[in-house]
Amino acid sequence: MERYTEVTTPKTEGVQSVVRALRLLKLLSLNDEGLRVSDIARQAGLAVSTTHRLLTTLERQNFAQFEPDRALWHVGREAFAVGAAFGRRHNFVAPALPYLRRLRDLTRETANLGILDQDELVTISQVESREIMRAISPPGGRVPTFCSGMGKAILATWEDADIAAFVARTGFHPMTKRSHRDMTTAMVDIKRIRSRGYALDDEEHVTGLRCLAAVVWSAQGEAVCAISVSGLAARLPDARLDAIGKQVAEAARELTQKLGGAPPG
């Protein structure tokens with residue numbers, strides 16, 4: 001039997017190095033306290049020598065930063081600068097910050113801003129709670145849309161047929177025992193969101209965490225993003241949900257006006 005060997009060229013080696021370097025950046029971005037090179041190598045599935053070579057290359061370009069006292073690697077300032085360009089392109093990020101801060105102060109919980117990207121909800125901005133125990137899905141984090149309060153809030157603005165097509169294409173990706181697994185329960189939830197004006201993630205993303213969300217509309221009448229408040233379920237009991245949901249919906253309405261947007265019709 002013939003055996004074929006993949007031929008490695010300088011071009012394919014270069015592409016592979018770029019992919020690996022980006023993977024290391026993603027790992028660094030998920031660990032605020034920093035990582036040792038051995039831990040990065042293990043998580044990336046690379047040799048320590050290869051990992052160190054890539055990290056030092058990133059460091060020379062200021063995309064990674066090494067802390068010699070503790071032998072820890074962190075995201076560098078240039079990575080932040082590049083990432084900030086995303087926020088500038090989405091011109092609702094900076095105007096949203098005062099509303100997120102106000103929600104954090106009103107509720108004492110973490111306030112978030114998110115968008116749909118490649119069929120998932122991505123958190124793109126956040127104002128953290130000052131509580132010691134707080135709910136954090138860091139900016140850049142991706143969540144299956146039906147497991148997210150912000151994702152469900154955006155989906156609720158779609159036509160039923162579009163939601164059905166979305167589910168047919170992506171399926172459900174339950175993360176807890178409370179996550180949606182079929183269209184029947186999902187559409188009951190969607191109708192509830194439309195009726196009350198905000199969405200609830202009731203421990204559907206992480207057990208023990210709740211999130212209340214509402215959409216922000218663009219000038220074209222599209223749900224361009226969503227804002228939310230997330231916190232421990234013990235601090236967001238049933239008795240508080242409607243009041244906080246209305247606060248989130250009001251903040252979303254004010255941000256919509258600030259952006260010159262309006263719901264359709």
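Values as computed for the structure displayed
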item: Alpha-carbon centroids, the stretch 22-82 and the stretch 176-245: separation in whole Å; result: 35
item: Computed over the stretch 121-198, Kirkwood Rh from alpha-carbon pairs, angstrom; result: 13.7
item: Stretch gain in nm, segment Val18-Leu241, where the contour uses 0.36 nm per residue and the Cα spacing is subtracted; result: 75.7 nm
item: Relative packing of peptides 192-200, 228-236, 174-182 - highest average C-beta neighbours within 10 Å first; result: 228-236, 192-200, 174-182
item: Convex hull projection area averaged over all views, the stretch 10-80, Cα basis, nm²; result: 4.6
item: Rounded to whole Hz, the Karplus (6.51, -1.76, 1.60) HN-Hα couplings of the stretch 113-128, x for glycine and proline; result: 10, x, 9, 8, 9, 6, 6, 10, 8, 10, 7, 10, 7, 7, 10, 6
item: Nonlocal amide H pairs with Gly141, under 5 Å, H built at 1.01 Å; result: Thr123
item: Likely footprinting exposure, Phe166, Phe63, fewest C-beta neighbours within 10 Å first; result: Phe166, Phe63
item: Folded to 0 to 90 degrees: helix 183-196 orientation relative to the chain principal axis, Cα; result: 60
item: Gain upon complete extension [Ala262, Ala234; 0.36 nm per residue less C-alpha separation]; result: 6.6 nm
item: Using θ = phi - 60° and Karplus 6.51 cos²θ - 1.76 cosθ + 1.60, couplings along the stretch 205-213 (whole Hz; Gly, Pro as x); result: 9, 9, 4, x, 10, 10, 8, 10, 9
item: Most to least packed among 150-159, 243-252 [average Cβ atoms within 10 Å]; result: 150-159, 243-252
item: Per-residue HN-Hα couplings for the stretch 150-158 [Karplus 6.51, -1.76, 1.60; θ = phi - 60°; Hz; x = Gly/Pro]; result: 5, x, 5, 4, 5, 4, 5, 7, 7
item: For the chain, calculated [θ]222 nm from helices alone, where every DSSP H run of n ≥ 4 adds -39500 (n - 2.57); result: -14500 deg cm²/dmol
item: Normalised contact order of the stretch 90-258, rounded percent, pairs of Cα under 8 Å and 6 or more residues apart; result: 23
item: Above-threshold pairs, the threshold being 27 Å between Cα atoms, out of Lys191/Lys246; Lys26/Lys258; Lys26/Lys191; Lys177/Lys258; result: Lys26/Lys258; Lys26/Lys191; Lys177/Lys258
item: Cα-based helix-to-principal-axis angle, 160-170 vs the chain, degrees rounded to 10; result: 20
item: Shape call, the chain: gyration tensor on alpha carbons, a/c limit 1.5; result: prolate
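Every number in this text was worked out from the coordinates using simple rules, so none of it is lab data. Nothing here was measured: the structure is a model prediction, and the numbers come from that model. Ideal geometry is used to build each Cβ from the backbone, glycine not excepted, and the neighbour counts take in all protein chains shown.
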